[in-house]
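Structure first, commentary second.
The values are calculated or read from the model by the stated rules, or taken from the named source; none is laboratory data. Predicted model only: the values in this text are computed from it and were never measured. Here Cβ is always computed from backbone atoms with ideal geometry, including for glycine, and neighbour counts include all displayed protein chains. Just so you know, the surface numbers come from the protein's heavy atoms only, side chains and all, with ligands and any DNA or RNA stripped out. Shrake-Rupley method; radii C 1.70, N 1.55, O 1.52, S 1.80 Å.
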Amino acid sequence: MAAELTVLMGADERDLTRLDEYQAIGGYRQLARVRKLSPSAVIEEISKASLRGRGGAGFPMGRKLSLVPPADKRNGPAYVVANADESEPGAFKDREIIRRVPHRLVEGCLIAAHAIQAQAVFIYIRGEYLAETLVLEAAIEEARRAGLFGEVKVVLHRGAGAYICGEESALLESLEGSRGQPRPRPPFPPVAGLYMQPTLINNVQTLASVPAIMELGAERYAELGVASAPGTVVYSLSGNVNRPGNYELPLGVTLRELIFEYGQGIADGRALKAIIPGGSSVPVFTPDQLDVQLDFDSVQAAGSYLGSAAVIVVDERACMVQLALRAEKFYMHESCGKCTPCREGTRWLVRLLETIEAGDGTQADLDLVAEVCDRIEGKSLCALGDFAVWCVGSYLEKFRDEFQQHVDEGGCPFGGESSTDGVLAPSDQHTHTAMAQVPA
């Protein structure tokens, strides 16, 4: 059996931003069918499909659904929240889904709402995604006029440009009108989320995968990808590669396949230096790890995380100290300031990296970078502190000789002119899309 595209299916042949075009390929048919099923039956099917969250953590969606108390065991409403606050440097898959198949996201949200008997759906979209917001607004209005919402209210909410609001509890705070800062947990959102009511929060691609699961069935869906993580994922490939873009492929393709087959290799024939496999926040890979499979468990076993499936390619021209400094400045700027280790630690790391890059660093400074990383990791309410040190710490570990050169030679061995063009660029700068057909 040939494998199917499950998220961007049909987007090359039709304008799926239009309701009539989406319905022509079976759009909203699964929603109508699901509404005749019991909520528990829907949860069971999604659980059997082993759909893991595509937003970063890879937490099973079925388990999240099952953690939401059923309607007869709660005192108020329940909500579905779609996390479209795609702010990770290197990530640009959710914007592609919204721009090309907005109704698939809406249908997935409505199916999830039926599964937990939610009264409302909130779609929280990154503030910078103006074009995508307009597309999604039009799709929501079309579906509303067509009477597809039933008793469910659907609200589109624009963020205000804060990376921290991609973290689910900070997102909830922002939705409620408060400052976007993480909450202490427990309680977790399925028990006490938006307005302290049971809330299902999932990433755009996760929810957009739900209609395909209900159409194919859990067993057929599980034939895609790998046993521990079935299905397809939209990999965002960027950096120093010939053909950057979004590629929907089964989970489990190797880095080598993605970069050299689909991405057509390193730009201008240069040598590969490093690969960041899941957005700027995850530990770096080196060229000897090209055969690592891109699924949650395989990437983690190799020492990193799949994250948002944003694969960033770095060629031989890049100075890893400069790259670490660029990443750390981003996390320093985006720290909400609530937790002292993150607020102060990221500033210390920026100062240390600036000193090393300028050629004024000492051996003690290299050791201090590792020590500061240790003082931040695992000591904040959310994962932003971890993200801020995983990149820097892994660059220091795997490219220690390059950091040492800065100290020994009293300056950057790249002359301060290292090319990091296209590396850790803001996600809204990547617009090329090349959707790959999934192989059999």
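Consider Gly245 carefully, then state whether it is at pLDDT 95 or above, on the phi > 0 side of the Ramachandran plot and out of contact with any His (no Cβ under 8 Å at 6 or more places or on another chain).
no
How do the pairs read when you match residues in segment 217-241 that are under 16 Å from Gly53 (Cα atoms) with residues anywhere that are of a type in the set (Asp, Glu) and assigned to a loop (DSSP other than H, G, I, E, B), using Cβ under 6 Å and keeping only pairs 6 or more apart or on different chains?
Val226/Asp295; Ala229/Asp295
Determine, yes or no, whether Met332 is hydrophobic (A, V, I, L, M, F, W, C), closer than 23 Å to Leu272 by Cα and touching a residue at least 40 places away in the same chain (Cβ under 8 Å).
Criteria not met by Met332.
Take Gly278 and decide whether it is closer than 25 Å to Asp386 by Cβ and either in contact with a His (Cβ under 6 Å, 6 or more places away or on another chain) or surrounded by 17 or more Cβ atoms within 10 Å (Cβ to Cβ) (or both).
Yes.
Go through segment 31-45 residue by residue and tally those that are in a helix (DSSP H, G or I) and open to solvent by 20 Å² or more (accessible area, probe 1.4 Å).
8
Answer yes or no: is there a residue in segment 49-65 that is touching a Cys at 6+ places or on another chain (Cβ under 8 Å), assigned to a loop (DSSP other than H, G, I, E, B) and of a type outside the set (Phe, Trp, Tyr).
No.
For Val321, work out the one condition from (1) under 18 Å from the mean Cα position of the chain (by Cα); (2) modelled with pLDDT of 95 or more it doesn't fulfil.
Only one criterion is unmet by Val321, namely (1).
Please verify whether segment 361-373 includes one or more residues that are among the polar types (S, T, N, Q) and open to solvent by 60 Å² or more (accessible area, probe 1.4 Å).
For segment 361-373, residues among the polar types (S, T, N, Q) and open to solvent by 60 Å² or more (accessible area, probe 1.4 Å): present.
Given the condition open to solvent by 20 Å² or more (accessible area, probe 1.4 Å), part of a helix (DSSP H, G or I) and at pLDDT below 95, answer yes or no: does some residue in segment 422-439 qualify?
Yes: one or more hits.
Kindly check whether there is at least one residue in segment 98-113 that is open to solvent by 10 Å² or more (accessible area, probe 1.4 Å) and hydrophobic (A, V, I, L, M, F, W, C).
No, that holds for no residue.
Between a first residue in segment 387-398 that is open to solvent by less than 10 Å² (accessible area, probe 1.4 Å) and a second residue that is among the acidic types (Asp, Glu) and part of a helix (DSSP H, G or I), which pairs have beta carbons less than 6 Å apart while being 6 or more apart in sequence or on different chains?
Val392/Glu328
Sort through Phe296, Phe330 and tell me the only one that's aromatic (Phe, Trp, Tyr) and in contact with a Pro (Cβ under 7 Å, 6 or more places away or on another chain).
Sole residue among the options that is aromatic (Phe, Trp, Tyr) and in contact with a Pro (Cβ under 7 Å, 6 or more places away or on another chain): Phe330.
Looking at the structure I just gave you, is Glu328 surrounded by 23 or more Cβ atoms within 10 Å (Cβ to Cβ), on the phi < 0 side of the Ramachandran plot and within 20 Å of the chain's Cα centre (by Cα)?
So Glu328 passes the test.
From (1) open to solvent by less than 60 Å² (accessible area, probe 1.4 Å); (2) without any contact (Cβ under 8 Å) to a residue 40 or more places away in the chain; (3) among the polar types (S, T, N, Q), pick out the condition that doesn't hold for Thr340.
Condition (1) is where Thr340 drops out.
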